[in-house]
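The values are calculated or read from the model by the stated rules, or taken from the named source; none is laboratory data. Everything quoted here is computed from the prediction, not taken from an experiment. Don't worry about glycine lacking a Cβ; one is built from the backbone with ideal geometry, like all the others, and counts go over all protein chains shown.
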Amino acid sequence: MKRSKELVEKRKNFVIDYVKRNQNKQMKVIVTELTEMLFLSERTIYNILES
């Protein structure tokens, strides 16, 4: 199933904004929270952040 580019962009923006808002936390904690909220793998989240 293909995702629309709009949804991919929204997800990417949400992840980046969430990391910026929670900079005082350790990255592992942030990634765990995002994993639980968005049902994404850690690798996917790190890939979003690297791009």
- Message: If I filter region 1-41 down to residues being among the hydrophobic types (A, V, I, L, M, F, W, C) and assigned to a loop (DSSP other than H, G, I, E, B), which single residue comes out as surrounded by the most Cβ atoms within 10 Å (Cβ to Cβ)?
- Response: Leu40
- Picking from Asn22, Asn13, which residue would you name as being in contact with an Asp or Glu (Cβ under 8 Å, 6 or more places away or on another chain), modelled with pLDDT of 95 or more and among the polar types (S, T, N, Q)? Asn22
- Could you give me the residue pairs with C-beta distances under 6 Å whose first residue belongs to region 1-25 and is under 16 Å from Met37 (Cβ atoms), whose second residue is basic (Lys, Arg) and assigned to a helix (DSSP H, G or I) wherever it lies, and which are 6+ apart or on separate chains? none
